[in-house]
Each structure stands twice: as structure tokens, then as C-alpha cells.
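This report refers to the structure that appears directly beneath it.
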Amino acid sequence: MNYTYLDCLAIFGVGGAHPGGLQLTKEILSREKIDETKSILDAGCGTGQTSAYIGEQYQCHVTSLDCNKIMLDKARQRFSSLHLPIDVKQGSTENLPFDEDLFDMILSESVISFTDVSLTIPEFKRVLKPNGVLLAIEMVLEKSLSEDELKAIVNFYGVSQLLTENEWYNFFKRASFKQVSVEKFNLEFDENDVQNVTDFSLSENIDDKFFEILEKHLHFTKGYKGILGFRLFRCCI
């Protein structure tokens, strides 16, 4: 069986797998006006680390969506253990199972790249309320790569394509977001910050192939440092 990078994240139950992890998530959310009246969609929620933080910190209505059943099962376990009333939905960001004008905010952390960008971004806009906000953390191509290098990265991660900052910006504008701001972060890892480290919810009897995928991911991360980066895109209707 051919396992994917996303399968690997699900089996290891990686929380905060996006660039910057939970620490960056907290910083981004602290700038927003969030109270108990807000409705927030965590799109591509994974094991629910971000959803749980939002639910505990802001006591607002949180909906967690992912296409991966293993991830969602682990998210439900997390929410149950914390007694958090978070709605969990299985579905695709390319065809969201929600009515339009439903959410005040959508948080998408390293998700859109793994989908058909031309479908997911308009879907996010469709389900946002007037004056709603999309916060998207996404991988960007900082420097040009050879065709073989691009193919290797795209095939390994299963992303639809690798986009530059400007290409991302244009996708959001074409989806009729009125305001799109872009921010680059310089991340520093604090080994003493135990609250924001990546957490794991391991499945039982993990196939050795998943460890090989994890090792290859670390190889790519090191080998393409400075070539693959990320940005925060804040998009307003």
C-alpha cells in the first residue's frame, strides 16, 4: 500500500503540524476580535489542537472539519477529554458541507496547498459571513526550483502545486476577497516552551513505512530551507 505524507500525519496524530505550530496560531488569533458570539471554522483541523485552544480560550462556537477519519477520531477524543462542545464534520474544503454566510472566521493552517486551490478558496468565501475573515497559513515558493525538484516535492507531499506569494495573493483576489494582507514571520524555537510544542496522538501498530515518510519529510525540510517558506494571508470580505 502506498501511504502519503498526510496519512503519516494522521497515524502519528501530529498536532500543530503547520509552520509555527500552536505558538504562531496563538499570536495570530490574539490580534483578532474574538468573543463568545463568534462562529469559527477550523478547516483541516487535524487532531484538533487549534480547535481545542480556541474553544478553551474564547468560549465561542467552533466547528472542526477534516477529510481524514483517523484525524477526526483523535480530535473527538481530545474534545471529549477536555469537555469541549465542538462540532466535528468530515468533509472536503473543495465542497464544504455548510450553508453560505455561516462563519465569522475561518482558520486554515497549511491546508489549501493540499487541495484544488481554485475550488477551496471560493468555498471559504462562500461560507463566510459579510465582513468575515479568512486566516490562511500556507507554504510558498521563495526561490525557483528545477522541474525535477518541483516534481519531487509535489509528489511527496501530495500538494496540487507550489505557489509563490504573489500567486497566492492573486488566487485570493480572484475569489473576490476585498482585502488581502500578507505577513512573513521569523520563527524562533524555544526549547523551554512546553505549552506550544508539537503534540502526538499515536495510533497502534505503526507500519515502518510511516517512519520512512517522516524521515524523508525531515530531509526535505532541511534540504529546501530558504527555498520553501510560508506566509500568513489575512483575507477579508
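Points worth noting:
- Ordering Phe211, Phe98, Leu65 by Cα displacement along the dipole of the chain toward the positive end leaves Phe98 in first place; charges were set at the Cβ atoms of Lys, Arg (+1) and Asp, Glu (-1).
- Between Ser160 and Ser30, the FRET efficiency estimated from the beta carbon spacing at R0 = 30 angstrom works out to 0.45.
- Listed by Cβ neighbour count within 10 Å, with the fewest neighbours leading, Ile121, Ile34 appear as Ile34, Ile121.
- Sorting Val111, Val88 by the number of Cβ atoms found within 10 Å of their own Cβ, with the fewest placed first, yields Val88, Val111.
- Pairwise centroid distance, computed over Cα atoms, of the stretch 124-165 with the stretch 65-98, Å: 22 Å
- Within the chain, percent of DSSP bridges classed antiparallel, to nearest 5: 45 percent
- Ranking Asn155, Gly20, Val127 by how far each Cα lies toward the positive end of the dipole of the chain (charges on Cβ) leaves Val127 at the top.
- Other residues within the sphere of radius under 9 Å centred on the Cβ of Gly44, judged by their own Cβ, net out at -3 (K and R +1, D and E -1).
- The magnitude of the dipole of the chain, with charges of +1 and -1 set on the Cβ of Lys/Arg and Asp/Glu and taken from the Cα centre, is near 580 debye.
- For a modelled paramagnetic label at Leu150, 7 Å from Cα along Cα-to-Cβ, the residues of the stretch 97-131 in reach, with backbone nitrogen under 20 Å, are 112-119.
- Residues of the stretch 120-159 with amide N under 18 Å of a point placed 7 Å along Cα→Cβ from Asn170: 120-122, 139-145
- Taking other Cβ atoms within 10 Å as a rough exposure proxy, Asp35, Asp42 sort from fewest to most as Asp35, Asp42.
- Within the shell of other residues whose beta carbon sits under 14 angstrom from the beta carbon of Pro97, the net charge comes to -4, with Lys and Arg scored +1 and Asp and Glu -1.
- Gain upon complete extension [Lys209, Gln90; 0.36 nm per residue less C-alpha separation]: 40.2 nm
- For Leu128, the residues whose modelled amide H falls within less than 5 Å of its own, excluding neighbours fewer than 5 places apart on the same chain, are Asp101, Leu102, Phe103.
- According to the calculation over all Cα-Cα pairs in the chain, the P(r) per 10 Å bin from zero is 7, 32, 39, 19, 2 %.
Here, each number is a calculation from the coordinates, and none is a lab measurement. This one's a predicted model, so the numbers in the text were calculated from it and none came from an experiment. Note that each Cβ is placed from the backbone with ideal geometry, even for glycine, and that neighbours are counted across all protein chains shown.
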